[in-house]
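Peer 1: Below you'll find the structure I mean.
The values are calculated or read from the model by the stated rules, or taken from the named source; none is laboratory data. In this text the structure is predicted, and so the values were computed from the model without any measurement. Glycine also receives a Cβ, built like all others from the backbone with ideal geometry; neighbour counts cover every protein chain displayed. Only protein heavy atoms, including side chains, enter the accessible area calculation; ligands, DNA and RNA are left aside. Shrake-Rupley method; radii C 1.70, N 1.55, O 1.52, S 1.80 Å.
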Amino acid sequence: MSQIHVIHENPAWLPPLAEALDAQGLPWTEWFMHDKIFDLSAPPPEGVFYNRMSASSHTRDHRYSAELTVGVLAWLTRWGRKVVNGPAALDLEISKVRQYAALEAAGLRTPRTVMVAGRDGIVAAAREHFAGKPVILKPNRGGKGLGVQLFHTLEGLEDYVRSDRYEAPVDGIQLLQAYVRAPRPVITRAEFTGRRFTYAVEVDTSEGFELCPADVCAIGDQVCPVGEESGRPAHKFTVVEVPDRAFIAKLEAFLDGAGVDVAGIEFIVGPDGQKLVYDVNTNTNYNPEAEARAGIAGTQRSGMGALAAYLGGLLGETQVRAA
């Protein structure tokens, strides 16, 4: 039977999507990408394949899940299966360097970033390129804001890099990024389904964050990458209007060009009023509390509701073509 196949490696993130698919009566199954076996000489099953592979999979002891998924997506593509967030999307998910190149090619601004291979060159690169100014250290392949730290001084950065607290990135690449002092301690995450705008969420960053809207992602001890301390926020995630439709249209055009179907794109407004895009998350989650306060929870205007409807529409199209 033709159905929706959800490719993932984190069972904790699956229930909200499962509920939305079930609520719309859609047939689906999951492909848990950790120790799965594939016969590459045989055709894949029929249906729609939704790739939810995460850049942070290695933090859950699924070190090679992304690499396994790269091969599976190639197999699916070879057989002409409909893949949502296919190879191009996964390529961006696991590399911020490639994200920034694609964003800039689409005419979108990103923060000034320096790529450093290995641990030994980090301090020298910060001294040369940022001249003692505050700088953010982040892994090229991260997820959920993991490993993102702000250092106000070169001495603080050096102390961390030389200490036992230093965490090496899984791909060996660290990024040094200019600190953006936002007029307000917030960033905005615009959600897109089928390459079109769904809604936006404003995220309060005054306490620092692991930027994952799902309620299973707890706020940890990460140093805040944007904004300043300003007291405890009443609500960390808030659904908001984004009046700049021209900017949203540019983000949609970027997704069209990059081959990304479902994503959360995060940006910050700098002191000059310009929007800087710093992350494209192709394994997007949604915050149920924010959706409930906006009156869209449980509807097709919610993140998972819109996603389930989109996948259901694609499934219907594949079934028509097969008939």
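Peer 1: When the residues of region 100-112 are narrowed to those that are of a type in the set (A, V, I, L, M, F, W, C) and assigned to a loop (DSSP other than H, G, I, E, B), which ends up most open to solvent (accessible area, probe 1.4 Å)? Write out each step before concluding.
Peer 2: First, pick out the residues of region 100-112 that are of a type in the set (A, V, I, L, M, F, W, C): 101-103, 105-106, 108.
Okay, now just the ones that are also assigned to a loop (DSSP other than H, G, I, E, B), so 106, 108.
Values: ALA106: 42, LEU108: 8 Å².
It comes out as ALA106.
Peer 1: Let me ask something else. Here are some residues: VAL97, VAL83. Which one is hydrophobic (A, V, I, L, M, F, W, C), assigned to a helix (DSSP H, G or I), within 24 Å of LEU251 (Cβ to Cβ) and open to solvent by 10 Å² or more (accessible area, probe 1.4 Å)?
Peer 2: VAL97
Peer 1: Here's a follow-up. Going by the structure shown, is ALA66 part of a helix (DSSP H, G or I), over 17 Å from LEU311 (Cα atoms), open to solvent by 20 Å² or more (accessible area, probe 1.4 Å) and of a type in the set (A, V, I, L, M, F, W, C)?
Peer 2: Details: part of a helix (DSSP H, G or I): yes; over 17 Å from LEU311 (Cα atoms): yes; open to solvent by 20 Å² or more (accessible area, probe 1.4 Å): no; of a type in the set (A, V, I, L, M, F, W, C): yes.
The answer is no for ALA66.
Peer 1: For region 239-260, which positions are open to solvent by 10 Å² or more (accessible area, probe 1.4 Å), closer than 21 Å to VAL84 by Cα and in contact (Cβ under 8 Å) with a residue 24 or more places away in the chain?
Peer 2: LYS250, GLU252, ALA253, ASP256, GLY257, ALA258, GLY259
Peer 1: For region 20-45, how many residues meet the condition of being among the hydrophobic types (A, V, I, L, M, F, W, C), open to solvent by 60 Å² or more (accessible area, probe 1.4 Å) and more than 16 Å from HIS8 (Cβ to Cβ)?
Peer 2: 3
Peer 1: Residues of region 115-135 being open to solvent by 10 Å² or more (accessible area, probe 1.4 Å) and either free of Cβ contacts under 8 Å to residues at least 40 places away in the same chain or within 30 Å of ALA249 (Cβ to Cβ) (or both), which ones?
Peer 2: MET115, ASP120, GLY121, ALA124, ARG127, GLU128, ALA131, GLY132 - these are the residues of region 115-135 that are open to solvent by 10 Å² or more (accessible area, probe 1.4 Å) and either free of Cβ contacts under 8 Å to residues at least 40 places away in the same chain or within 30 Å of ALA249 (Cβ to Cβ) (or both).
Peer 1: Same structure, new question: Which numbered condition in (1) in a loop (DSSP other than H, G, I, E, B); (2) in contact with a Lys or Arg (Cβ under 7 Å, 6 or more places away or on another chain); (3) open to solvent by 50 Å² or more (accessible area, probe 1.4 Å) is the only one that ASP91 fails?
Peer 2: It fails just one condition, (1).
Peer 1: What number goes with the only condition from (1) surrounded by fewer than 18 Cβ atoms within 10 Å (Cβ to Cβ); (2) over 23 Å from ARG52 (Cβ atoms); (3) modelled with pLDDT of 90 or more that ALA182 does not pass?
Peer 2: Of the numbered conditions (1) surrounded by fewer than 18 Cβ atoms within 10 Å (Cβ to Cβ); (2) over 23 Å from ARG52 (Cβ atoms); (3) modelled with pLDDT of 90 or more, the odd one out for ALA182 is (3).
Per-residue answers, yes or no, for (1) assigned to a helix (DSSP H, G or I); (2) surrounded by fewer than 19 Cβ atoms within 10 Å (Cβ to Cβ):
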{"residue": "PRO271", "(1), (2)": "no, yes"}
{"residue": "ALA290", "(1), (2)": "yes, no"}
{"residue": "ILE296", "(1), (2)": "no, no"}
{"residue": "ARG301", "(1), (2)": "no, yes"}
{"residue": "ALA306", "(1), (2)": "yes, no"}
{"residue": "GLU317", "(1), (2)": "yes, yes"}
{"residue": "VAL320", "(1), (2)": "yes, yes"}
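Peer 1: Counting only residues that are over 23 Å from HIS62 (Cα atoms) and out of contact with any Gly (no Cβ under 7 Å at 6 or more places or on another chain), which one in region 1-19 is least open to solvent (accessible area, probe 1.4 Å)?
Peer 2: Ranking the candidates gives GLU19 first.
Peer 1: Mind checking whether some residue in region 216-235 is modelled with pLDDT under 95, among the hydrophobic types (A, V, I, L, M, F, W, C), open to solvent by less than 60 Å² (accessible area, probe 1.4 Å) and out of contact with any Ser or Thr (no Cβ under 9 Å at 6 or more places or on another chain)? Outline the logic, then answer.
Peer 2: So the first thing to find is which residues in region 216-235 are modelled with pLDDT under 95, and the list is 216-235.
Going one step further and asking which of them are among the hydrophobic types (A, V, I, L, M, F, W, C), we end up with 216-219, 223-224, 226, 234.
With the extra rule that they be open to solvent by less than 60 Å² (accessible area, probe 1.4 Å), the set shrinks to 217, 223-224, 226.
Filter again for out of contact with any Ser or Thr (no Cβ under 9 Å at 6 or more places or on another chain), leaving 217, 223.
Yes, some residue in region 216-235 is modelled with pLDDT under 95, among the hydrophobic types (A, V, I, L, M, F, W, C), open to solvent by less than 60 Å² (accessible area, probe 1.4 Å) and out of contact with any Ser or Thr (no Cβ under 9 Å at 6 or more places or on another chain).
Peer 1: With respect to GLY80, determine if the residue is under 30 Å from ARG321 (Cα atoms) and of a type in the set (Gly, Ala, Ser).
Peer 2: On the way: under 30 Å from ARG321 (Cα atoms): yes; of a type in the set (Gly, Ala, Ser): yes.
So GLY80 passes the test.
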